[in-house]
Structure formats: structure tokens, C-alpha cells
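See structure below.
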């Protein structure tokens, strides 16, 4: 993670730890804490913070939306790792939730995290009620049948099959891109009316970095080191998944991330505020090694 983003990474880690500690300790709370506090890049909550900062939104007002999207993301990882889905035994450098706590408890931990996301949004003391409704509508849509869950379903259906590049882009538009776009939307919604004229430019930026993020994941599945990534190398190949390097070649996949970076930067240039932090994050996404 870039040094400039470390304070935001630490902020969301501290906020999540404080929030989850208010619940009585039990096996389910331990399973939720285990996965939620396991580290990770925290790209989605950082996107919430960075977008809000463009429009001078206080970080304290952005804490709940940032935590909510990380709760949804962590729930998705727990469920993705389950034997019925990707059947992975390593996540963020640690045994996956179902390996550590059992399959049933892992399913419940994911379910609980999904509910906690909307608890965070609905109970915020700093966000007005209309904005809360807008935030809940945005995150629920991006998480479910028209977003992340649909993407995961399409991804599972595509295993052991050869699909087109267009189909692959559609899968990742939902599976990865929906929450990336939602993170930026949450930051903009929380910022209020000042951000509304720039939703379209922010959506275009989100679409570009969301796809770039997934392509870089595909690239790292081939070129990355397990010790750095914190998850098994070559899992896409093992599951016979269609990936960008598989469909267009590794070199072309790398070129595609560069093109998407340029698209992201062009979108930011339409916003007459200081968006340097989002520019830097786009650069990090296509150059990261984990």
C-alpha cells in the first residue's frame, strides 16, 4: 500500500476493531472479527474516504460508509472461499474462515457481516436520513442480484468453459466493478449536493479502475508470489477460470491495464477539484504486487 494511504488504512482498521468489539464475544463474533480484522488492502473503504475528501467531507462522516462497504466485501470473500464456491484455504495470508471455524460458522459470519453493513449506515449519527436511504439503496443494489452476487454467479457458471472477452468483462463488471463503483458513490453521496454534478465522471473513473483491478488480479495469479499476495498462486488455472491473460495473452492484459489507467485519469480531469489522491490510487491498482 502506498505510504500516503497508510493513515486511511489504519483509520478504517481502528474503526472496524472498535465497532466489532461492542458485540458480546462468542464463536460467531470471533469468526466475524477474524475475517474482518485480518488486514487486506482496504481499497474500497479508502475509495470512500478519498472521494469524500475531494469534496471536503469530514473523515468522521465517512467512517460508517467506509466500514459498511468493507463489511460487504469481507462477507463476499468468506462466501467466495467456501467449498461450494472457490474452495480456497488461504485468504489474506491466513486460513480462510471456514477452515478456521467450520463451514456453517463461516456462512453465518458472512450473513452477519452483510447485516452489519446496513446497521452501520442506518445508525450513523452524522449523516442525514435522506442520505442514509440513498446510501442503503446504493450499497444494497451493488451487493446483490444486480451487482456482486450476480457477478459471482456468472463467474461460477463460466468455470470449465471458454467464454468471450465481452462475457468476461460483464462478469467482472458485476463481481468486482459493482463494489468499486459503489465505494466511490458512497463517498460522493455522503459529501452532499456539491458532488452530484460529478457522479458521471466518478462512475467512469470507477468503471476503469474496477476493470483494471480485476485484470491485475488475473495477472498476479500468474506472476505474483503467494507470500506477498496472501492467497494461493495459480488458483484461477486450477479452477479452469477464464481470465484476461488466458483470453488475450499476458502482454496484452498488461497493456489493457495501462489503457484503463489513462481512461481513469481522463475522467478525473472533468472534476474541478483536487483529485490527485484518486489518480495516485489508480496508479497503485495497476502496479500493485498483491
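The values are calculated or read from the model by the stated rules, or taken from the named source; none is laboratory data. None of the values given here were measured: they were computed from a predicted structure. Ideal geometry is used to build each Cβ from the backbone, glycine not excepted, and the neighbour counts take in all protein chains shown.
Of note:
- Of residues in the stretch 237-255 being within 12 Å of residue 163 (Cα to Cα) and in a loop (DSSP other than H, G, I, E, B), the one modelled with the lowest pLDDT: 240
- Within the stretch 131-144, the set of residues being buried (at least 19 other Cβ atoms within 10 Å of the Cβ) and under 17 Å from the mean Cα position of the chain (by Cα) comprises 135, 138, 139, 142, 143.
- Subset of the stretch 153-194 (residues that are free of Cβ contacts under 8 Å to residues at least 12 places away in the same chain and within 17 Å of residue 213 (Cβ to Cβ)): none
- Those helices (runs of 4 or more DSSP H) lying entirely in the stretch 145-192 with at least 1 residues over 12 Å from the mean Cα position of the chain (by Cα), at pLDDT below 95 and surrounded by fewer than 18 Cβ atoms within 10 Å (Cβ to Cβ): 148-157, 165-175
- Selection status of residue 106, touching a residue at least 12 places away in the same chain (Cβ under 8 Å) and touching a strand residue (DSSP E or B) at 6+ places or on another chain (Cβ under 6 Å): no
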